[in-house]
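Heads up: the structure comes next, in structure tokens.
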Amino acid sequence: MTDDRQPELQRRIEALERKNKLLEEGLHQAERLRQMFDRTAQELKAAQSQLQRQGAGLEEKVRERTQQLLAAQEELVRTEKLALLGQIADTVGHELRNPLGVINNAVYFLQAVLVDADDTTREYLGIIKDEIADAERIVSDLLDAVRTKPPRPERVLVAALIGKALDKCNVPPSVTVRLDIPETLPAIRVDPAQMHQVLWNLITNGVEAMPDGGALEIGAAEDRVTKTVTVSIRDSGSGIKPEHQARLFQPMFTTKARRIGLGLVVVKNLTQANGGSVEVESEPGRGSTFSVSLPCDITVAA
Ligand SMILES: Nc1ncnc2c1ncn2[C@@H]1O[C@H](COP(=O)(O)OP(=O)(O)O)[C@@H](O)[C@H]1O
Ligand SMILES: [Mg+2]
């Protein structure tokens, strides 16, 4: 009996072994396929992230280029407007300056001889004087904006420039002025009168942006790599709307009544003429910072 079953059992064992082998081969193949899928999935992932990176790079490039084009267009409009303004300024500006000077002298004379005049007369003389000063400033802005005289650079201390500009600005008591000018700050090489005008305009704008008072912070810092000193004038005022920021340095952009919007044109022209640059950062409702970078004085004393 046992002997009869032997070949049968042998056959079954062999059949089982064959099936086992087939199964093992199948398993191996499945493992190879799984590895292949894994590799392909990884390759796909890598290709996808490379595409994403390239896409982001392209977007960044388009953004950069658009920004450059917009800036170039702004500059073109600015130059065209300045050229047009130049023609008007030369005639009107000069023609107005003379009569304004005459009226100013006359008021000065009247104030001198009418020391005993009544309050109303003196008040009116004061009003005329203030208005003449306003008109003279507009004419000066107009002439300065269109014709930048070649600078006469000198070795100048930033602290002295800022002190003088603050003196001339009549900052109201509601505005607290904070100065942060390191004693070790190197001197700069600029035309002092032109830089006075730049600082005067920026401080005045800062003060005007804070009709209810606030803080005016004036700081200066040296950049040893670029050999520049950056003067920053920060106010806690109204801030500048994003849609206005690109137009700030355009001639005749103003949001104020009875102004012609040339202060920042003068700031930009004079700063550039002195080898510097101006930047603005502003947050509506929180204030603005205007930063002027100027070349350090690197002349060696003899
Ligand atoms: N510090 C500032 N805060 C808020 N707005 C400002 C500031 N400086 C300039 N501006 C805006 O820029 C405009 C143009 O300034 P500017 O060229 O000096 O001309 P103006 O002061 O005569 O209006 C201002 O009317 C104002 O809207
Ligand atoms: Mg101004």
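The values are calculated or read from the model by the stated rules, or taken from the named source; none is laboratory data. What you are looking at is a predicted structure, and each value in this text was computed from that prediction instead of being measured. When we count neighbours, we look across all protein chains shown, and the Cβ atoms used for this are built from the backbone with ideal geometry, even at glycine.
Is it the case that some residue within the stretch 277-298 is assigned to a loop (DSSP other than H, G, I, E, B), closer than 24 Å to Arg152 by Cβ and more than 18 Å from the chain's Cα centre (by Cα)? Yes, some residue in the stretch 277-298 is assigned to a loop (DSSP other than H, G, I, E, B), closer than 24 Å to Arg152 by Cβ and more than 18 Å from the chain's Cα centre (by Cα).
If the condition is being of a type in the set (D, E, K, R) and within 16 Å of ligand 1 (Cβ to nearest atom), then the stretch 176-200 contributes only Arg178.
Let's see how each residue does on (1) modelled with pLDDT under 90; (2) in contact with a strand residue (DSSP E or B) (Cβ under 6 Å, 6 or more places away or on another chain); (3) under 29 Å from Pro251 (Cα atoms); (4) not assigned by TED's automatic domain parsing to the domain that holds Gln245:
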| residue | (1), (2), (3), (4) |
| --- | --- |
| Gln35 | no, no, no, yes |
| Asp38 | no, no, no, yes |
| Glu43 | no, no, no, yes |
| Leu69 | no, no, yes, yes |
| Glu74 | yes, no, yes, yes |
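Among the residues making up the stretch 178-200, those that are over 22 Å from the mean Cα position of the chain (by Cα) and not in a loop (DSSP other than H, G, I, E, B) are Arg189, Pro192, Ala193. Assuming Ile260 fulfils every condition listed in (1) surrounded by 22 or more Cβ atoms within 10 Å (Cβ to Cβ); (2) within 15 Å of ligand 1 (Cβ to nearest atom); (3) of a type outside the set (Phe, Trp, Tyr) apart from one, which condition is it? Of everything listed in (1) surrounded by 22 or more Cβ atoms within 10 Å (Cβ to Cβ); (2) within 15 Å of ligand 1 (Cβ to nearest atom); (3) of a type outside the set (Phe, Trp, Tyr), Ile260 misses just condition (1). When Pro173 is tested against (1) away from ligand 1 (no atom under 16 Å from the Cβ); (2) surrounded by fewer than 17 Cβ atoms within 10 Å (Cβ to Cβ); (3) assigned to a helix (DSSP H, G or I), only condition (3) is not met. One residue alone among Ile203, Ile298 is more than 7 Å from ligand 1 (Cβ to nearest atom) and either surrounded by 14 or more Cβ atoms within 10 Å (Cβ to Cβ) or under 27 Å from Leu76 (Cα atoms) (or both), and that residue is Ile203. Scanning the stretch 207-214 turns up no residue that is more than 16 Å from ligand 2 (Cβ to nearest atom) and touching a Cys at 6+ places or on another chain (Cβ under 6 Å). Scanning the stretch 131-163 for residues that are of a type in the set (Asp, Glu) and either at pLDDT below 90 or crowded, with 17+ Cβ neighbours inside 10 Å (or both) gives Asp134, Glu136, Asp141, Asp144.
Hey, can you tell me all the residues within the stretch 134-169 that are over 21 Å from Val231 (Cβ atoms) and assigned to a loop (DSSP other than H, G, I, E, B)? Passing the criteria: Arg147, Lys149, Pro150.
Checking each residue in the stretch 173-204 for being hydroxyl-bearing (Ser, Thr, Tyr) and within 16 Å of ligand 2 (Cβ to nearest atom) picks out only Thr204. Name the pairs: first residue in the stretch 183-199 and surrounded by fewer than 18 Cβ atoms within 10 Å (Cβ to Cβ), second residue in a loop (DSSP other than H, G, I, E, B) and at pLDDT 95 or above, Cβ to Cβ under 6 Å, at least 6 apart or on different chains? Sorted first by the residue in the stretch 183-199, then by its partner, the pairs are Ala187/Leu157. Restricting attention to the stretch 22-70, the residues that are free of Cβ contacts under 8 Å to residues at least 60 places away in the same chain and under 30 Å from Glu243 (Cα atoms) total 15.
Examine the stretch 263-270 for a residue that is of a type in the set (Gly, Ala, Ser), near ligand 1 (Cβ under 9 Å from one of its atoms), touching a residue at least 12 places away in the same chain (Cβ under 8 Å) and in a helix (DSSP H, G or I), and state whether such a residue exists. Yes, the conditions are met somewhere in the stretch 263-270. Of all residues in the stretch 230-247, at least one satisfies being part of a helix (DSSP H, G or I) and within 16 Å of ligand 2 (Cβ to nearest atom). Residues Phe253, Phe249: which one is within 8 Å of ligand 1 (Cβ to nearest atom), over 21 Å from Asn170 (Cα atoms), of a type outside the set (Ser, Thr, Tyr) and touching a Gly at 6+ places or on another chain (Cβ under 7 Å)? After applying the criteria, what remains is Phe253.
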